[in-house]
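Report on the following structure.
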Amino acid sequence: MTAMKWFYSFLKKHNRTIVLGLFLVTVISVLAIVKPIVSGSIVDNVIIAGQYSLLPKLIVLLILITVLRGLMRFWSQVIFETCSQDVLYSMRDTVYRKLLQEDFNFYNKNRTGDLLSRQTGDMEAIRHFIAFVIYQVYENVFLFFFALIMIFTVSWKLALCMCAVLPFTLLVTLSQNKNGRPRFQKIRDCFSSLNTFVQENISGNRVVKAFSKEDYEIEKFNKENDNYRDAELAAAEIWTQYVPKFEFLSNMLMVILMLVGSIMVIQDAMTLGNYVTINGYLWMLTNPLRQIGWRINDIQRFTTSVEKIYATYSAEPNVKYPENAIPCTKLNGDIEFKNVSYSAEDEDIIHHVSFRVKSGQTVGILGSTGSGKSTIMNLLCRFYDVTDGEVLVDGRNVKDLDLYNLRQNIGMAMQDVFLFSDTIEGNIAYSRPDCPFEEVQKAAIMADADGFIREMPDGYDTIVGERGVGLSGGQKQRISLARALLKEPSILILDDTTSAVDMETESYIQQQLGNIDHKCTIFVVAYRISSIKDSDLILVLNNGKIVEQGTHDQLLQNNGYYATVFRHQYGEFEQYIDNQNRR
């Protein structure tokens, strides 16, 4: 499907409405054509022939035509504006739904500002085309050719003289269309880049202020702003070059009428009334010529915007819903990685990872930054698909499971905590918005968040700022954990969830996790030994490989990477044993 066919799939639902609007525009144009005939009749029959009794009737007719055209113009504009809003509503909804279906890889490659510009600036260009450009182009084309036909009926010689301008008009039109298209594409690219820059800097304004980089960011913004201005000016050069040409061609029609028409009237080859009638048609020829440049600009903005939006919409996610998905309303939580490897952008991230976890067990994952800890969890949630091997849940490949059901059974407190601009209760109850408050509070208590929430001015009704602004890192982590716990998942993933809390809070949370009243397989991704030492299975990753696995005591006896990290965090092993004995 091409971009234009995709656009038409939304427009065709309103075909009858648009046809009605174009019918009204046709009537408006026909009534406009009648006015010069009435004016010519006033000159020939009233002024020259002296039939004064016709004057009141002709004046009333002109008034009726004017009123009727005004009413129909209002009605037609309401129709096209309503139609444009309906099309935009459907298109924006469709694009947004597709954006929600895209996988992590899509958002890794596309900037937020670009995606926002598709839903704002590009959509507005489409709305303008439907609401204004369609009927303007139709009306101008209709008036131009119908007026030309009427001029032929009055004086074919004068009409042929005027037609001499048309070949030049066609050449100028084709030239503008060819030169303008790449410049409008440049405008959309620069607009997206500017949007992205502003969005990132507003979101990261605290970092900017912390490093006193306001002047630096202003300088970068000015470059983006300059690029967008230059792109707009480059496009403006098109109409500054071509609009005067169309203006010249339209004025040539007037010159032809003045010279050739006057000569014909003097030689009695045409009546003065016919001359007035043709003069009344003249604006129907000159006005479309004057507007050709502007309408071409509008059309090119529209086509560029449709192509940009469609390019975003047509991007297919790498992670696809299985055709014959296996429903899994409630999972047990048995998990197995069988020789799993994952590569992205020609870079190997996970290499031949294999392990098995029984339902209800707790798994700790330890490793240096970039070792692949979070990637393993993303593969389990099927945010990405494995390159080789299999990820099995309850003995079934995650690629065969209903993707919605799979993720419904997984609760995840992510490393990068995201909170919505909502109440604290709304953030915790995100997965179950209709659940009783008592359950929200229970989850908050388990995450050790109830205490600080109650100390806030409005308690659970306190509105948190965008991305949790106003909360400390530890507070955001605990709200994120409460949100995951409230889901009552079969699989719970804590991706470095307690890194910003103190040891006492971490110990309390671990104790509460051990008291979960339903069977739940827990994965704890952490840098601190204290977060994972009580796990049933500990996986130690390095460069995308499992270099060690076992319990805390087994790994200490192996005296490998895990034992080294343990000594760095706790001191010598003997000192640790002494401290344990003293307790």
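The values are calculated or read from the model by the stated rules, or taken from the named source; none is laboratory data. Computed from a predicted structure; not experimentally measured. Cβ placement follows ideal geometry from the backbone for every residue including glycine, while neighbour counts extend to all protein chains displayed. Remember, those area values only see protein heavy atoms, side chains included, never the ligands or the DNA or RNA. Shrake-Rupley method; radii C 1.70, N 1.55, O 1.52, S 1.80 Å.
Please report, as a whole percent, how much of the solvent-accessible surface of the chain comes from carbon and sulfur atoms (probe radius 1.4 Å). Solvent-exposed carbon and sulfur of the chain make up 56 percent of the total. Entry for the stretch 501-574 at q = 0.13, 0.14 Å⁻¹: log10 I(q)/I(0) = -0.43, -0.49, Debye formula applied to identical alpha-carbon scatterers, no solvent contribution.
In the context of the full set of protein chains, the chain has a per residue accessible area of 51 Å² (1.4 Å probe). Applying the Karplus relation 6.51 cos²θ - 1.76 cosθ + 1.60 with θ = phi - 60° to the stretch 219-228 yields 3J(HN,Hα) values of 5, 5, 4, 4, 5, 5, 5, 5, 4, 5 Hz, where x marks Gly and Pro. Helix 15-41 and the longest principal axis of the Cα set of the chain meet at an angle near 20°. Residue-wise HN-Hα couplings along the stretch 535-545, as the Karplus relation 6.51 cos²θ - 1.76 cosθ + 1.60 with θ = phi - 60° gives them from phi, are 6, 5, 9, 10, 9, 10, 10, 8, 6, x, 10 Hz; Gly and Pro carry x. Each Lys or Arg adds one and each Asp or Glu subtracts one; over the other residues with Cβ under 15 Å from the Cβ of I79, this totals +1.
Distant-in-sequence amide contacts of I365, defined by a placed amide H-H separation under 5 Å and a gap of 5 or more residues or a different chain, comprise V524, V525, A526, L539.
For the stretch 390-484, GluC sites (Glu not before Pro) meeting the loop criterion (DSSP other than H, G, I, E, B) and having at most 12 other Cβ atoms within 10 Å: E455.
Here r is the Cβ-Cβ distance between E247 and S90 and R0 is 51 Å; the resulting FRET efficiency, rounded to 0.05, is 0.85.
Counting only heavy atoms of the protein chains and using a 1.4 Å probe, I59 has close to 80 Å² of accessible surface. Of the whole protein surface, S53 contributes about 90 Å² of accessible area at a 1.4 Å probe radius. All alpha carbon pair distances within the stretch 344-413 were sorted into 5 Å bins beginning at 0; the resulting P(r) in whole percents reads 3, 12, 26, 28, 20, 9, 2, 0.
Have a look at the DSSP beta bridges in the chain and tell me what percent are antiparallel, nearest 5. Roughly 50 percent of the beta bridges in the chain run antiparallel, per DSSP. How charged is the neighbourhood of Y561? Take every other residue with its Cβ under 13 Å from the Cβ of Y561, and add Lys/Arg as +1 and Asp/Glu as -1. Value of the local net charge: +1.
Centroid-to-centroid, using Cα positions, the stretch 252-290 and the stretch 538-568 are 95 Å apart. Ligands, DNA and RNA excluded, the heavy atoms of T196 present near 0 Å² of accessible surface to a 1.4 Å solvent probe. At an R0 of 60 angstrom, the distance between the Cβ atoms of Y570 and N225 translates into a FRET efficiency of 0.65.
The amide H of I326, built 1.01 Å from its N in the peptide plane, has L401, D402 as neighbours under 5 Å, considering only residues 5 or more places off or on other chains.
Exceedance of the 32 Å cut-off in Cα-Cα distance is limited, within the set K109/K476; K12/K98; K98/K213; K220/K373, to K98/K213; K220/K373. Dimensions of the stretch 252-400 along the principal axes, based on C-alpha atoms and rounded to the nearest Å, stand at 105, 35, 22, largest first.
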